[in-house]
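Reading through the structure tokens given below for one structure.
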Amino acid sequence: MKLILLGPPGVGKGTQAQKICEQFNAEQISTGDMLRGEIKAGTELGKKAEEIIKAGKLVPDDIILGMVENKLFGVNKPKKYILDGFPRTIPQAEGLDQMYGRHNEKLDMVISLEAPEELIIKRLSARRSCKNCNQVYHLVTMPPKKENVCDKCGGPLFQREDDKPETVKNRLEVYKKQTEPLIDYYDKKGLLKTVDSTGTPNEVHEKILKALE
Ligand code: AMP
């Protein structure tokens, strides 16, 4: 299983990637989580990425492609995985194709999650993430059992800086300009399936399972 979950910020990529990965014992590969890890660790890459992320802009393609190639084809390369938040630009998608070419592998499917913008904005304002394990919650539809505490690891929950309204606006604009063209890119390759992401996390999960059949 080599899948891409495509869609705007807040559409449910992270939540759905976590569910599919649990079910199929696959690895969730989120470039956003990887970058937040670099920031937390105070690396050079993290320092470069921090301001860009805060502004809701995209980290340069060459940095992202290097990071992803290490993860997908380096030591401990995963057999089954879901790419969440990557690719985000046409050059990243082309770079990924070239990587698969070099390593003689191929992508199985791209699932594009869709939801209206009002719902996406609501979801982002209610999103909380675990500082330790990155598990995602929604204050209304998927709250933790104990307020502000992660069900999985007991870590503290927080609201991402870039989920605040001003940055969300930029992120949605960046998505439309730079990421949305990927829908057409993968459709032309015959790899795209579209899934309506407006229901509860479990309802959307069921729809994804159908698309995967
Ligand atoms: P995410 O957690 O996927 O919403 O990503 C958070 C932020 O990290 C994005 O708004 C970007 O600034 C940066 N980022 C994550 N993935 C990528 C990517 N594939 N290309 C460029 N920037 C990215």
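Side notes on the structure shown:
- The residues in segment 41-71 that are assigned to a helix (DSSP H, G or I) and within 13 Å of the ligand (Cβ to nearest atom) can be counted, and the count is 19.
- Filter result (within 13 Å of the ligand (Cβ to nearest atom), among the acidic types (Asp, Glu) and without any contact (Cβ under 8 Å) to a residue 24 or more places away in the chain) within segment 1-40: Glu38
- With respect to (1) closer than 19 Å to Asp33 by Cα; (2) assigned to a loop (DSSP other than H, G, I, E, B); (3) at pLDDT 95 or above, the lone exception for Gln92 is condition (2).
- Selection from segment 192-206 of residues that are part of a loop (DSSP other than H, G, I, E, B) and either farther than 15 Å from Gly7 by Cβ or without any contact (Cβ under 8 Å) to a residue 60 or more places away in the chain (or both): Gly199, Thr200
- Residues in segment 1-29 that are at negative phi, modelled with pLDDT under 95 and small (Gly, Ala, Ser): Gly14 alone.
- Gly32 falls short on exactly one of the conditions (1) over 20 Å from Gln135 (Cβ atoms); (2) part of a helix (DSSP H, G or I); (3) among the small types (Gly, Ala, Ser), and that condition is (1).
The values are calculated or read from the model by the stated rules, or taken from the named source; none is laboratory data. Bear in mind the structure is a predicted one, so any value in this text is a computation, not a measurement. Positions of Cβ are backbone-derived with ideal geometry, glycine not excepted, and every protein chain shown enters the neighbour counts.
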